Structure formats: C-alpha cells, structure tokens
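Worksheet for the structure shown next.
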C-alpha cells in the first residue's frame with residue numbers, strides 16, 4: 001500500500017536499496033531531510049545533487065498520475081551547486097560537431113565539488129559580454145547540475161588590457177572557413193560544413209539522412225568507423241566506397257556492405273531541394289532548400305548566384321508591393337520569400353568557400369551525382385498552386401514524404417497543422433486529432449485514392 005513498504009520488501013530480498021531514505025510528514029519533515037542529507041553529502045560514497053520527495057501511498061500516486069516526462073507524485077529538490085574562485089588564464093574557442101563556435105575559459109586549476117576544473121564554458125559571445133568576462137579576471141565557477149563547469153560571474157576584474165577582451169573569430173579556428181551568425185541565433189557558426197574536421201561526422205550523417213540524400217544503412221556507428229579510420233573525410237568520399245572496404249569494418253558483413261553501396265548508388269539523382277538541404281548550409285532547412293530550388297533553374301545557377309543583385313531586387317519588389325497595396329493593386333511575386341539578408345549572407349559565404357565548391361564539384365563531376373534541375377512550369381506543375389495540404393495517418397501506397405513531394409511538385413504547400421486556411425487534409429490509416437479538427441472546421445478530407453485521382457487529373 002505504501003512506497004516505503006515496497007522499498008523495504010526489495011531490500012529484504014537482498015537487492016541494493018539506498019539506506020539514506022526516510023518517511024516524513026509535512027513540509028518541515030521534507031526540509032529537515034533535505035538539510036540532513038546536505039550535511040552528509042560530502043561523506044557519501046557517491047555524488048548526489050539533491051533529494052527526491054515522493055507521495056508514499058501508492059493509490060495516491062495512481063490518482064496523481066504523470067505529465068509528459070515526469071510523475072506528478074514526485075519532485076526533486078536540488079542543492080545549490082558548489083562554487084569556487086579562480087583566474088581566467090585565456091578564452092579560446094571550440095568548434096562543435098554542428099559547427100557552433102563556443103567560447104571556453106581556460107582556468108587556473110581549482111577544486112569544485114571534489115573535481116579539479118581547468119576549463120569552463122562561456123556558452124556564446126552574448127554571454128561573454130553579459131557577464132563581462134576578460135582574460136585575467138577572477139571569476140566564480142560552478143558545475144552546472146554538478147556536471148558541466150561554467151563561469152557564473154566576475155568576482156574581481158583583472159588588468160583588462162585591450163588584448164584581454166574576447167573577440168569571436170571571423171574565421172573557423174579548425175578549418176579557416178568564414179564564420180556567420182544568423183539573425184535570431186546566439187551561436188556563431190563555421191560555414192565549412194563539407195570540409196571542417198570538427199563537423200565531419202555530423203555533416204556526413206546529415207548528408208546521408210532520410211530527408212537529404214537518403215542513403216539507407218549509413219548510420220552513426222558506420223560513420224564513426226569511416227571517419228575514425230580516415231576512410232571518409234567529405235561527402236564525396238562516400239561515393240568512392242566499395243563493398244570490400246565496407247565489409248572489412250566492424251558489424252558489416254558482405255551482404256550489408258552490398259546494401260549500403262546500392263543505397264549510395266540509388267542516391268545519385270536527388271532533386272535540387274534535397275541536394276541543397278544535404279549540404280548542411282547554416283540556416284538552410286528543408287523549407288529554405290525548397291524555396292531556393294523553386295527560384296533557381298538548377299545547381300549551376302545557384303552556385304553562380306549574384307546575392308547582392310538578388311538582395312537589391314528583393315528590396316525593389318518589396319517597395320513596389322508596398323506602393324501597390326496602397327493603390328489596391330495586385331502584388332508582384334516576391335523574390336525568395338522567407339529568405340532575409342542574414343540568410344543570404346550565409347549562403348553567399350558558404351558558396352564562396354573554395355573547399356565547399358571543391359566538394360560540390362567532386363560530387364557532381366567526379367562521382368556522377370546528377371542533381372535534377374527544376375522542370376519548366378506547366379499547367380500540371382501549378383495544379384495545386386496556393387492550396388494548403390496537411391498529411392495525417394499512414395498511407396499504404398506511398399510514404400508521407402513522397403506524397404508531400406508530389407504535392408509540392410504540383411505547386412501545393414504542405415504544413416503540419418490544421419487551421420481554417422487549410423484546403424485539404426489527406427488522411428491515411430490511424431489518422432488522429434488532425435482528422436477530427438478538419439471535420440470540425442469543415443476542411444475537405446481526401447483519402448489516398450482521392451489524392452491519386454487529383455494527381456491523375458493533373459496529367460490529363
């Protein structure tokens with residue numbers, strides 16, 4: 001009937017249960033236990049960062065239930081992290097696997113919670129400025145969550161010569177590529193994703209992912225081996241792999257190796273949108289990749305785009321449309337709608353990096369990837385122009401990704417949620433709340449056969 005009795009029974013069976021537990025009443029009892037454990041904390045054989053309070057009666061636990069990620073009948077009461085004073089020797093930059101540049105304080109060694117700390121994260125440039133940390137300062141350091149060392153604040157300013165102030169580098173310290181910071185993001189990022197050693201594994205996993213080049217079988221464990229053994233350095237090296245090389249790797253038999261090579265071969269005719277998304281350009285997700293693919297005829301046009309001219313044309317159209325709106329006239333088509341100046345700068349920097357252009361050339365010329373150019377617009381291509389679709393449930397004859405791509409190829413737009421603006425909801429098996437909402441709002445509902453009929457009508 002009680003949680004404490006369950007724990008006692010488990011201990012009686014000879015299984016290990018912490019002896020540091022108690023049944024208490026009310027808030028004073030809880031806070032008293034928290035205080036007594038805090039006093040014992042340094043003497044325990046294991047590290048703790050707090051205590052957990054639980055409702056003891058099991059029937060009350062069932063009544064309280066759970067929220068998405070935690071029970072309602074239990075709550076953690078953390079201890080304040082231990083802090084210490086030390087000096088900032090230097091502030092360096094680490095490049096993470098996603099290309100984010102993180103300032104890291106190099107510290108005079110100091111013991112924090114029984115661990116010697118020599119480095120502490122400063123998170124990003126904004127945090128360095130907010131905390132006003134300079135080289136030579138004496139700072140307060142703690143281990144966030146008793147795990148990751150971080151600088152809390154400055155206790156005493158150092159000499160603060162001009163050279164002691166931290167400046168985010170304009171070029172990646174690992175590969176030398178230009179660094180960009182997109183509007184609305186705290187992190188500065190390296191633009192050398194196809195080449196940068198620090199990003200290599202993540203760049204390859206992204207390139208091979210289902211929504212990018214869709215190379216089935218090229219997962220994390222295989223990429224780890226390929227990079228660690230220096231068999232693959234850039235995405236172009238993927239297309240040089242052969243069954244013999246792969247079969248010699250851990251957990252890779254002859255059949256598995258042949259399947260991966262077949263998947264690599266199958267990926268050689270991507271759409272422009274998929275290929276652009278696969279490149280891992282900072283700020284370019286699937287939707288931006290589709291906008292770029294729609295605007296440019298093919299890869300060559302994108303590679304040689306005059307971004308300054310495009311930015312000027314975009315401004316001109318925006319100005320003209322503002323005037324047209326005042327006059328009650330029809331607006332001109334917008335230029336790269338949804339892509340602003342910061343993202344254009346990111347694109348320009350990415351495509352101007354010589355090593356990125358080299359990898360793209362190796363992929364398209366050396367390894368035979370044929371990026372599918374956008375077809376000339378036709379009546380069929382604009383059949384769903386302006387129509388908004390939502391996909392829900394399981395389609396039997398095609399995947400939802402395939403259905404979405406077909407809808408977009410006819411000029412339609414696919415979104416994730418149903419609203420009054422939705423034109424069609426395509427419902428497969430086990431459709432859930434989206435279908436119910438569509439019916440309440442009076443949105444047209446299609447099954448898979450209905451969607452296919454619409455595609456056939458567009459061909460006739």
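The values are calculated or read from the model by the stated rules, or taken from the named source; none is laboratory data. Owing to the predicted nature of the structure, the values given are computational and were not obtained by experimental measurement. All Cβ positions, glycine included, derive from the backbone under ideal geometry; neighbour counts span all protein chains shown.
When 194, 205, 182 are screened for being out of contact with any strand residue (DSSP E or B) (no Cβ under 7 Å at 6 or more places or on another chain) and surrounded by 21 or more Cβ atoms within 10 Å (Cβ to Cβ), only 194 passes. For the criterion of being more than 15 Å from residue 364 (Cβ to Cβ), surrounded by 14 or more Cβ atoms within 10 Å (Cβ to Cβ) and not assigned by TED's automatic domain parsing to the domain that holds residue 414, residue 249 passes. If only residues of region 443-457 that are part of a helix (DSSP H, G or I) and within 34 Å of the chain's Cα centre (by Cα) are counted, the one that is modelled with the lowest pLDDT is 455. In region 290-309, the count of residues that are farther than 30 Å from residue 362 by Cα and in a loop (DSSP other than H, G, I, E, B) is zero. Could you tell me whether residue 30 is surrounded by fewer than 13 Cβ atoms within 10 Å (Cβ to Cβ) and without any contact (Cβ under 8 Å) to a residue 60 or more places away in the chain? The answer is no for residue 30.
Among the residues of region 210-236, those identified as without any contact (Cβ under 8 Å) to a residue 40 or more places away in the chain, more than 17 Å from residue 175 (Cβ to Cβ) and assigned to a loop (DSSP other than H, G, I, E, B) are 219, 229, 231. Residues that are assigned to a loop (DSSP other than H, G, I, E, B) and farther than 17 Å from residue 368 by Cα within region 237-257 comprise 248, 249, 250, 251, 252, 253, listed in sequence order. Screening the candidates 395, 391 for the property of being farther than 17 Å from residue 290 by Cα, buried (at least 16 other Cβ atoms within 10 Å of the Cβ), modelled with pLDDT under 90 and in contact with a helix residue (DSSP H, G or I) (Cβ under 7 Å, 6 or more places away or on another chain) yields one hit, 395. Is it true that some residue in region 420-427 is touching a strand residue (DSSP E or B) at 6+ places or on another chain (Cβ under 8 Å) and over 24 Å from residue 287 (Cα atoms)? Within region 420-427, none of the residues are touching a strand residue (DSSP E or B) at 6+ places or on another chain (Cβ under 8 Å) and over 24 Å from residue 287 (Cα atoms).
The set of residues in region 425-442 being in a helix (DSSP H, G or I) and either in contact with a helix residue (DSSP H, G or I) (Cβ under 7 Å, 6 or more places away or on another chain) or surrounded by fewer than 18 Cβ atoms within 10 Å (Cβ to Cβ) (or both) consists of 433, 436, 437, 439, 440, 441. Residue count for region 122-144 under the criterion of being within 23 Å of the chain's Cα centre (by Cα) and in a loop (DSSP other than H, G, I, E, B): the result is 3. Of all residues in region 25-70, those that are at pLDDT 90 or above, under 29 Å from residue 142 (Cβ atoms) and touching a helix residue (DSSP H, G or I) at 6+ places or on another chain (Cβ under 9 Å) total 4. Residue 201 meets the conditions (1) assigned to a loop (DSSP other than H, G, I, E, B); (2) in contact with a helix residue (DSSP H, G or I) (Cβ under 6 Å, 6 or more places away or on another chain); (3) touching a residue at least 40 places away in the same chain (Cβ under 8 Å); (4) farther than 24 Å from residue 295 by Cβ in every case but one. The failed one is (1). Which of the residues spanning region 326-353 are assigned to a helix (DSSP H, G or I) and either modelled with pLDDT under 90 or surrounded by 12 or more Cβ atoms within 10 Å (Cβ to Cβ) (or both)? Of everything in region 326-353, those that are assigned to a helix (DSSP H, G or I) and either modelled with pLDDT under 90 or surrounded by 12 or more Cβ atoms within 10 Å (Cβ to Cβ) (or both) turn out to be 341, 342, 343, 344, 345, 346, 347, 348, 349, 350, 351, 352. Residue 65 fulfils the conditions (1) over 30 Å from residue 152 (Cα atoms); (2) surrounded by 12 or more Cβ atoms within 10 Å (Cβ to Cβ); (3) in contact with a strand residue (DSSP E or B) (Cβ under 9 Å, 6 or more places away or on another chain) except for a single criterion, (2). Examine region 94-115 for a residue that is over 30 Å from residue 200 (Cβ atoms), part of a loop (DSSP other than H, G, I, E, B), modelled with pLDDT under 95 and not assigned by TED's automatic domain parsing to the domain that holds residue 346, and state whether such a residue exists. There is at least one residue in region 94-115 that is over 30 Å from residue 200 (Cβ atoms), part of a loop (DSSP other than H, G, I, E, B), modelled with pLDDT under 95 and not assigned by TED's automatic domain parsing to the domain that holds residue 346. Name the pairs: first residue in region 49-69 and assigned by TED's automatic domain parsing to the domain that holds residue 142, second residue at pLDDT 90 or above and part of a helix (DSSP H, G or I), Cβ to Cβ under 6 Å, at least 6 apart or on different chains? Short answer, once both residue conditions are applied: none. Being outside the structural domain of residue 121 (by TED's automatic domain parsing) and either loosely packed, with under 12 Cβ neighbours inside 10 Å or under 19 Å from residue 148 (Cα atoms) (or both) is a property that residue 35 has.
Among the residues making up region 179-198, those that are in contact with a helix residue (DSSP H, G or I) (Cβ under 7 Å, 6 or more places away or on another chain) and assigned to a loop (DSSP other than H, G, I, E, B) are 182, 183, 186, 191, 192, 193, 194, 195.
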